[in-house]
1. Would you confirm whether any residue within the stretch A:821-834 is within 26 Å of A:Ala782 (Cβ to Cβ) and either modelled with pLDDT of 85 or more or near RNA strand B (Cβ under 7 Å from one of its atoms) (or both)?
2. Residue by residue through the stretch A:345-366, note down the ones that are assigned to a loop (DSSP other than H, G, I, E, B) and either crowded, with 19+ Cβ neighbours inside 10 Å or within 15 Å of RNA strand B (Cβ to nearest atom) (or both).
3. (1) part of a strand (DSSP E or B); (2) under 30 Å from A:Gly486 (Cβ atoms); (3) not β-branched (Val, Ile, Thr): which one isn't true of A:Trp445, the others all being true?
4. Using the structure shown, decide if A:Arg23 is among the basic types (Lys, Arg), touching a residue at least 12 places away in the same chain (Cβ under 8 Å) and either open to solvent by 10 Å² or more (accessible area, probe 1.4 Å) or in a loop (DSSP other than H, G, I, E, B) (or both).
5. Among what's in the stretch A:95-132 and is hydroxyl-bearing (Ser, Thr, Tyr) and open to solvent by 10 Å² or more (accessible area, probe 1.4 Å), pick the residue that is modelled with the lowest pLDDT.
6. Out of the residues in the stretch A:507-566 that are assigned to a loop (DSSP other than H, G, I, E, B) and small (Gly, Ala, Ser), state the one that is modelled with the lowest pLDDT.
7. Going by the structure shown, is A:Ala644 assigned by TED's automatic domain parsing to the domain that holds A:Asp697, near RNA strand B (Cβ under 10 Å from one of its atoms) and closer than 24 Å to A:Val694 by Cα?
8. Tell me which residues, restricted to the stretch A:431-457, are farther than 17 Å from A:Phe200 by Cα and surrounded by fewer than 20 Cβ atoms within 10 Å (Cβ to Cβ).
Amino acid sequence: MTTERTRIERYEPAAIEPRWQARWAELGLHRTDLADTSRPPYYLLTMYDYPSGNLHVGHWYVKTPTDAFGRFRRMQGHNVFFPVGFDAFGLPAENAAIRNRIHPAQWTYSNIANMRRQLRSMGAGFDWDAEVVTCDPAYYRWNQWLFLRFLERGLAYRATAPVDWCPNDGTLAREQVEGADRRCWRCGAKVEKRDLAQWFLRITRYADELLDFTGIDWPEPVRVMQTNWIGRSEGAEVVFRSAPDTHIPGGDEIRVFTTRPDTLFGATFMVLAPEHPLVEKLTSPGQRPVVAAYIEQARRETEIERLNTERDKTGVPIGADAINPVNGERIPIWVADYVLGGYGTGAIMAVPAHDERDFAFARQFDLPIREVIRPVATYGEDRDLVEAYVSKTPDDVLVNSGRYNVMAAPDAIRAITADLEERGEGKAAVSYRIRDWLISRQRYWGTPIPVVHCEACGIVAVPDADLPVLLPETVDYAGSGENPLGRDAAFLHAACPRCGGPARRETDTMDTFMDSSWYWFRYLSSRKDDGPVDRAMLDRWTPVAQYTGGAEHAVMHLLYSRFFTKAMADCGLVGHREPFLRLFNQGQVLGADGERMSKSRGNVEDPDALVAQYGADTVRLFLMFMGPWDQGGPWSPTGIGGVARFLNRVWTLVLDPHGHEPGDAEAGRLPTGEDAAAAEKAIRGAAHRTLAAVTADYEGFRFNTMVAKLMELANVLFRYRGTEVAGGPAWDEAVRLLLLMLAPAAPHVSEELWERRHAAAGTAWSSIHLERWPEVDAAAAAVATRELPVQVNGKVRDRVEIAVGLSAAEVEALVLARPKVVAALGGATPERIIHAGGGRLVNIVVRG
RNA sequence: GCCGAGGUGGCGGAACUGGUAGACGCGCUAGCCUCAGGAGCUAGUGCCCGCAAGGGCGUAUGGGUUCAAAUCCCGUCCUCGGUACCA
């Protein structure tokens, strides 16, 4: 016998994917009509990328599920806006330029061209018309414009801050300094810190508002990280004064911030940060050399080093004392690197008995430790502290604290603060860890800060009409000594906009986090040339409904974006105060070696090769199938073949329902005991149950189980392939649902098969991506019987097929008659029978 | 150190609010089909004992709560991410 085998065309992704991409582009399928009000708007945003040159699978891992979600939302009837752009300013371009003698712009734009091609090959539904490239003057012009608005409102200001400085090369940003020993990446010289006047944005003005996350649905870990970053703490500011000495008259105010004013009597010394302005003034002549040497050393350390708890404490006494305002006691003043110049007041009162760091310091240098607070039960006992006692309970009481003895700690905090305030020696205060945002960069490839320094008028803003202040095309960015922009005479010299006199342009450029702090607003009017944003568009489309991106941006980018939104709202540019309503942080795909993917490690996975081998749909689906999206993990293509096989099976199901594989003896026959009607019912049931589950999975970003459920449905259909119900109405409905559910995730193959179905049926084609998301038929999805596990004392002893909707009594009668249950009971009388989880299982409890 | 997330078969992972542990896929085994196959189809596959029926053990680890724990609580070990001596 010769089996007549249907020869169907093979599934060749390389043949169909580019064709559909071109067709969609022609149809403008992904161009969002922002003015369309007939459907609810849905702004879907994924973090834009730095144009490093090549997309790796990590980029796909972020973008692919986001794209699938956008397509899903669109099928649900939303007008989805899903833009893309490039975070195109930044250091790598400048470094590449120096290394390869190629202009940063040329390097950047050629990378962008390549990445556009790669992004298109994914088949993602980006709206390219809205694209933003931040190094384009049409974009950075508005960075400058916004900066000027902030300047007007006192949100931008100039202050002195240290930068890493290479004595050979000129100034360096932190990211250019490599290695623990702080050497210049170019010449290897030891880097120093040097103070420079730089520009800041006053994010601290919004510190309290940034602590408030009401109204936005963000992951708990991100909220915690931002909260800790802002670091609000309540306490008191206390004024100590320098004591008169042979070298100083005394009386200088030394302000400290403390969260525990109740421990003031336990202060046995003071510590100033090496940066503290009074160090110079108060240091005794005898201590000058050692203090100067210590400061020199501290200035070379990174903040992370200084903040390492494990490290032995270092410090030196400055040879002067301070007077404790509560008891008039003289205590020595030290300088130590564990106190930071930038936090609080840059000075602390040290209470070794009740602070671990102060305790370690006191032990190291043999300074007195005086206990002033202890649990009430030990009041009056003699005891020695072997470690700092950090009081946390409100029941603890004060000792060795004069008239505050026996007072409970919280009462003492209030009383001591109030008494200090009365005497003008302190007040209740709030301190924040967050500092203002330093936006100055001493580089070429960034947005020029639009001010001039006039000899007569000082700092003068460039008028709006003169924006943008363009980056000069050719400058010597490789040279050394000062800012690249300062080496361009034509750029540098300008007329003062106010007096017309000679002025010097600002030569700092902006931190690239400026660009990314408002880019999603610009997407909505990327070509607008009379303002940064279109308020009417913003009112319709923002806040962003859903933002996706990596957790590495949990603090900086996301916090700056929130700050910008609030600041822009205060400038009247935006009508709301939070940028992103819902945030999802996906995990990171690591290289096969478990390390972060990077060119230098050589563990970068090239998506182009995978696409060439398997096609974009398989790669997309595999990335979703790998695991839960928020987890990521080491890249391993093991298993991608399973996904490819699945798409092949879908292909076969759609194009060849009647064929069957010669290797399957059972093929072409219905399962035993099932007639055609039962088979059709089973198929419809499976399809609609899958639809319900898949819908919920898309909604909850559970793409891995979504794919698994589609595979299960395909497996069910395959079982019926070649039988009398294959190609029938139930089958046809199931296949239709399968394609619709697959469309967001694997857009090309589902579109191709959709078209072929139309062709076969002789109906007019329209894109599957414009179809409405199907509705679940609850009746079809319902099940008549189900398997009921029966436990005896919590162990499963039997499984019974029961009709849905039986009463508890009926179930019990049925279950207790089962031989296996009888055997498991061994003659014992059930003590009670639990019907758990809404009848999901039965547990018979027998006391033994 | 601290904060956050996590630890489930040979592997990636599933298990929604405590209720059938291991869905789906990879890999492996057997059979079918094929000139052949690293293609396709079907079946099996947590571990141990057993021909089988069946039984025992199992979610890093030690306790606990519960009729019932991967899930909740306490302790320990390990991995990953973040990082602040924050006064």
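1. Pass one, the stretch A:821-834, residues within 26 Å of A:Ala782 (Cβ to Cβ): A:834.
Keeping just the survivors that are either modelled with pLDDT of 85 or more or near RNA strand B (Cβ under 7 Å from one of its atoms) (or both) gives A:834.
Yes, the stretch A:821-834 has at least one match.
2. At the first step, the residues of the stretch A:345-366 found to be assigned to a loop (DSSP other than H, G, I, E, B) are A:345-346, A:351, A:355, A:366.
Within the stretch A:345-366, A:Thr345, A:Gly346, A:Val351, A:Asp355 qualify.
3. Every listed condition holds for A:Trp445 apart from (1).
4. Details: among the basic types (Lys, Arg): yes; touching a residue at least 12 places away in the same chain (Cβ under 8 Å): no; either open to solvent by 10 Å² or more (accessible area, probe 1.4 Å) or in a loop (DSSP other than H, G, I, E, B) (or both): yes.
Criteria not met by A:Arg23.
5. Here is the first cut: in the stretch A:95-132, the residues hydroxyl-bearing (Ser, Thr, Tyr) are A:108-110, A:121.
Keeping just the survivors that are open to solvent by 10 Å² or more (accessible area, probe 1.4 Å) gives A:109-110, A:121.
Numbers: A:Tyr109: 94, A:Ser110: 93, A:Ser121: 88.
Among them, the one singled out is A:Ser121.
6. From the stretch A:507-566, those assigned to a loop (DSSP other than H, G, I, E, B) are A:507-508, A:511-514, A:518, A:524-534, A:542-543, A:554-555; that's our starting set.
Narrowing the set further to residues that are small (Gly, Ala, Ser) leaves A:525-526, A:531, A:554.
Values: A:Ser525: 94, A:Ser526: 93, A:Gly531: 94, A:Ala554: 79.
Taking the candidates together, the pick is A:Ala554.
7. Values: assigned by TED's automatic domain parsing to the domain that holds A:Asp697: yes; near RNA strand B (Cβ under 10 Å from one of its atoms): yes; closer than 24 Å to A:Val694 by Cα: yes.
Answer is yes for this residue.
8. Those that are farther than 17 Å from A:Phe200 by Cα and surrounded by fewer than 20 Cβ atoms within 10 Å (Cβ to Cβ): A:Ser431, A:Glu455, A:Ala456, A:Cys457.
The values are calculated or read from the model by the stated rules, or taken from the named source; none is laboratory data. These numbers were taken from a predicted model, which means no experiment stands behind them. Quick reminder, even Gly has a Cβ in these numbers, built from the backbone with ideal geometry, and neighbours come from all protein chains shown. When the accessible area is computed, the model is the full protein with side chains, heavy atoms only, and any ligands, DNA or RNA have been set aside. Shrake-Rupley method; radii C 1.70, N 1.55, O 1.52, S 1.80 Å.
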